[in-house]
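Every number here is computed from the coordinates shown, using simple stated rules; none is lab data. None of the values given here were measured: they were computed from a predicted structure. Because the Cβ atoms are built from the backbone with ideal geometry, glycine has one as well, and the counts that use them run over all protein chains shown.
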Amino acid sequence: MNIKKAEKISKALADPNRLQILKEIRKKEECLYCSDLQDMIDLAQPSISHHLKQLTDIELVVAEKEGRNVKYSLNNKVLDDYIGFLESLKKA
């Protein structure tokens, strides 16, 4: 992972609402819809959609259109790459 991508992910994860969204998606282990998240997180639907857009833009979350709805799931590959990048910063 390059530094620019790691920077974008770090900035996105600086928001506690985005961290909470990732946590809820992880708990579900499959996928969640925006309406599911609205029941779990005390935010209005437009705010949740905004945060989900930020997370999909940095590819931490994958959005899949399903009819009129969009389901969201965690992109484990990008998350693992990011964690690997952070671990590479530690002294050996």
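Read through the labelled values [x] 1.09; [y] 0.98; [z] 1.00 and report the label of the one computed as Rg/Rh (Cα atoms, Kirkwood Rh) from the structure.
Derived directly from the coordinates: [z].
Put a dot 7 Å past each Cα toward the Cβ at LYS65 and ASP80; how far apart are the dots in nm?
2.9
Measure out, as a whole number of angstrom, how far apart the alpha-carbon centroids of region 11-69 and region 71-92 sit.
Cα centroid to Cα centroid, the span is 18 Å.
How much FRET efficiency would the formula 1/(1 + (r/R0)^6) give for ARG26 and ASP57, where r is the Cβ-Cβ distance and R0 is 25 Å, rounded to 0.05? Don't skip to the end; give the middle numbers.
Working: r = 19 Å, r/R0 = 0.76.
My answer for the efficiency is 0.85.
If the viscosity is 1.306 mPa s and the temperature 10 °C, what translational diffusion coefficient in µm²/s does Stokes-Einstein give for region 52-91 when Rh comes from Kirkwood over Cα pairs?
So the translational diffusion coefficient is about 141 µm²/s.
Placing unit charges on C-beta atoms (Lys and Arg positive, Asp and Glu negative, everything else neutral), compute the dipole magnitude of region 3-87 about its Cα centre in debye, rounded to 20. Please report the intermediate quantities before stating the final value.
Numbers: 14 positive and 15 negative charges, 43 e Å.
It comes to approximately 200 debye.
Once you keep just the Cα pairs under 8 angstrom separated by 6 or more residues, what percentage relative contact order results for region 3-87?
31
5 Å is the cut-off here: which amide hydrogens, built 1.01 Å from N in the peptide plane, fall below it relative to VAL61, excluding neighbours closer than 5 in sequence?
When sequence neighbours closer than 5 places are left aside, the close amide H contacts are THR56, ASN75.
Under 5 Å between amide H atoms, partner at least 5 residues away or on a different chain: which partners does VAL70 have, H built in plane at 1.01 Å?
CYS34
Taking θ = phi - 60°, what integer Hz values does the Karplus form 6.51 cos²θ - 1.76 cosθ + 1.60 yield along region 66-77, in sequence order, with x for Gly and Pro?
9, x, 8, 9, 10, 9, 10, 9, 6, 8, 4, 4
Just to confirm a number: summing +1 for Lys and Arg and -1 for Asp and Glu over residues other than LYS53 whose beta-carbon lies under 13 angstrom from that of LYS53, what do you get?
Working: positive: ARG18; negative: ASP15, ASP57, GLU59.
My count for the surroundings of LYS53 gives -2.
As a test of the formula, what do you get for the chain when each DSSP H run with n ≥ 4 contributes -39,500 (n - 2.57) and the sum is divided by the residue count, at 222 nm and rounded to the nearest 500 deg cm²/dmol? Show your work: numbers first, answer last.
Numbers: 5 runs with 56 residues, N = 92.
After summing the helix terms and dividing by residue count, I get -18500 deg cm²/dmol.
Give a residue-ordered list of calculated ³J(HN,Hα) values for region 78-86 (Karplus: 6.51 cos²θ - 1.76 cosθ + 1.60, θ = phi - 60°; whole Hz; x for Gly, Pro).
With the stated coefficients, region 78-86 comes to 5, 4, 5, 4, 5, 4, x, 4, 5 Hz.
Explain nothing, just compute: Karplus ³J(HN,Hα) = 6.51 cos²θ - 1.76 cosθ + 1.60, θ = phi - 60°, for every residue of region 54-60 in order, whole Hz, x for Gly and Pro.
Ordered by residue, 3J(HN,Hα) equals 4, 6, 6, 4, 8, 6, 6 Hz.
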